[in-house]
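The values are calculated or read from the model by the stated rules, or taken from the named source; none is laboratory data. Predicted, not measured: the structure shown is a model, and the values here were computed from it. No Cβ is skipped: glycine too gets one built from the backbone with ideal geometry, and neighbour counts run over all protein chains shown. Ligands, DNA and RNA are excluded from the accessible area calculation, which covers all protein heavy atoms including side chains. Shrake-Rupley method; radii C 1.70, N 1.55, O 1.52, S 1.80 Å.
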Amino acid sequence: MTMSARAVSGAAELDHFYEAVKRIHGRALWQTEGTAKKSPTVPYLWKYRDFRPLLIKAAEIVPIELAERRVLVMANPGITSDWQASNTLLANLQIIKPGEVARSHRHTASALRLVIEGRGAYTAVDGEKSYMEPGDFVTTPNWTWHDHGNEGDGAMIWLDGLDVPLVQVLEANLYEAYSANKFPVTNPDDLSLRLYGAGSLRPTWVKHHAIHSPLLNYKFAQTYAALKAMAEQAEGSPYDGVSVEYTNPLSGGPALPTMACFASLLRAGRHTQAHRHTGGTIYHVIQGSGRSIIGGKVFHWNEKDTFVVPSWAWHEHHATTESVLFSYSDSAVLQPFGLYREEALQENGGHQKIEGEFISLPVPERRSAAG
Ligand code: 1HN
């Protein structure tokens, strides 16, 4: 309660008034947290070397039928729900063993995969199998039937990115299981790659009316070759290095309607300038090593690690060896509604003052059943 409010009427009268408002399920706006509420997402880094042994263990002890998807989520310690990497996004690691099928389902949330290790597994989307190799960026557009299968001879691991928390806030999170393990395959393997994977060539006879990209797999070999060719001739962005967006080849817009996805090549030894923008971003290190300074703290990363830069957090990168970062962000949702804002750091030569090193937070003790 503000002093001025007390000054115009007695405290007892005001308290009585607030109680009356509460009884009708109202709140006085000036008494609520309202717009002053702080964002809960904290910058965080998940080391692949910590997760990998537990993924292998999960593959040993958790049958695929039990889990539907054998996934370990990377949970942001700032967020009270125990499964999201940022306010709007999930970042998960999924493992599938040879011969397994992760059964078909569909949901209104969109998903993406960034392949980390293994070969021979596919994602089937609406009847088309797309075989996945390390570094490939694979889309599972919203409300498409999808199952995964591993036809190779080793386990396969990939990063899953989903917009589930966003879709949940919008109360639009619908889910349906398919009646069988596999959705029938009706298209040749990798058809979308043949039709739309050649960049600026559009097949004239194919009609694609959906809002999402018709391309299911953006092959790493092609992305890396493009980045290297650009890096030979162009400086790139002062903030993100030589950075490309994976686009919908028909519209030029984001690969998925809710998630903008990028690949960025950072040159060895180069330090980018700090900036901040709305749009929380998940980064995954496809290759290389280095560090990022996020909100004044230093985060050291290596190949296959994943980290989150919350919305409006200052960040800059310093690659030790040439590095390729994959990233996805909810900025695709912000852009069309005028909510995307970006700012470069002016002071200190465009670099943050370093306040310390990132230390992973201890996991809070769960109370025992007796306590
Ligand atoms: C999902 O459908 C997959 O299809 C992975 O691989 C992770 C997390 C939450 C909700 C749906 C998949 C998921 C998911």
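Some notes on this structure:
- Considered as an equivalent ellipsoid built on the Cα gyration tensor, the stretch 37-152 has semi-axes of 25, 18, 13 Å, the largest given first.
- In sequence order, calculated HN-Hα J values of the stretch 107-123 (Karplus, 6.51, -1.76, 1.60; Hz; x Gly/Pro): 8, 6, 5, 8, 9, 9, 10, 10, 6, 9, 8, x, 8, x, 9, 10, 10
- Relative contact order of the stretch 90-217, pairs being alpha-carbon contacts under 8 Å that are 6 or more residues apart, as %: 34 percent
- The chain: angle of helix 220-233 to the longest principal axis, Cα-based, in degrees nearest 10: 80 degrees
- Mean accessible surface per residue for the chain, computed with a 1.4 Å probe while every protein chain stays in place, in Å²: 51 Å²
- Of the residues P249, P336, P310, the one that moves most in a GNM of the chain with alpha-carbon contacts below 10 Å is P336.
- Of the chymotrypsin sites (Phe, Trp or Tyr not before Pro) in the stretch 205-258, the ones in a loop by DSSP (not H, G, I, E or B) with at most 16 other beta carbons within 10 Å are W205.
- Seen against the Cα atoms of the chain and their longest principal axis, helix 48-61 is set at about 70 degrees.
- Of the trypsin sites (Lys or Arg not before Pro) in the stretch 29-93, the ones in a loop by DSSP (not H, G, I, E or B) with at most 12 other beta carbons within 10 Å are K37, K38.
- Assuming charge only on the beta carbon of Lys and Arg (+1) and of Asp and Glu (-1), the dipole of the stretch 76-123 about its Cα centre is about 220 debye to the nearest 20.
- Sparse packing (at most 11 other Cβ atoms within 10 Å of the Cβ) combined with a DSSP loop state is found for the following trypsin sites (Lys or Arg not before Pro) in the stretch 190-285: K207.
- As a ratio to 2.2 N^0.38 Å, the alpha-carbon radius of gyration for the stretch 117-271 is 1.13.
- The stretch 61-114 gives an Rg/Rh value of 1.00, both radii derived from C-alpha positions and Rh following Kirkwood.
- Helix-only mean residue ellipticity at 222 nm for the chain, each DSSP H run of n ≥ 4 adding -39500 (n - 2.57), per residue, nearest 500: -5000 deg cm²/dmol
- For the stretch 150-240, a/c is not less than 1.5, where a ≥ b ≥ c are the root eigenvalues of the C-alpha gyration tensor, and a/b tops b/c. That puts it in the prolate class.
- Three-way shape label, the stretch 95-177, alpha-carbon gyration tensor, a/c 1.5: prolate
- For the residue pairs K129/K207; K57/K353; K57/K228; K37/K297, the alpha carbons lie more than 30 Å apart in K57/K353; K57/K228.
- Pairs of Cα atoms nearer than 8 Å and 6+ residues apart set the relative contact order; for the stretch 111-173 it is 42 percent.
- Reported to the nearest whole Å, the Cα centre-to-centre distance from the stretch 25-55 to the stretch 197-257 is 32.
- Principal axes of the stretch 238-304: Cα extent on each, largest first, Å: 38, 24, 22
- Note on the stretch 83-141: Rg/Rh from Cα positions, Kirkwood definition for Rh, rounded to two decimals, is 0.95.
- Semi-axis lengths, Å, the stretch 242-371, gyration tensor of Cα atoms, sqrt of 5 times eigenvalues: 26, 21, 17
- Selected from F307, F358, F337 as most flexible by GNM, with the chain as the system and alpha-carbon contacts under 10 Å: F337
- Loop-exposed GluC sites (Glu not before Pro) per DSSP, neighbour cap 12 Cβ within 10 angstrom, longest uninterrupted part of the chain: 236-346
- Taking 1.002 mPa s as the viscosity and 20 °C as the temperature, the Stokes-Einstein diffusion coefficient of the chain based on its alpha-carbon Kirkwood radius rounds to 95 µm²/s.
- Percent RCO, i.e. relative contact order, over the stretch 227-357, from Cα pairs under 8 Å lying at least 6 residues apart: 30 percent
- With θ taken as phi - 60° and the Karplus curve 6.51 cos²θ - 1.76 cosθ + 1.60 applied, the whole-hertz 3J(HN,Hα) list for the stretch 144-161 is 9, 5, 8, 9, 10, x, 10, 9, x, 10, x, 5, 10, 10, 9, 8, 9, x Hz, x standing for glycine and proline.
- Per-selection Rg to Rh, the stretch 277-319 - Cα, Kirkwood hydrodynamic radius: 0.95
- Portion, in percent, of the accessible area of the chain that falls on carbon or sulfur, probe 1.4 Å: 55 percent
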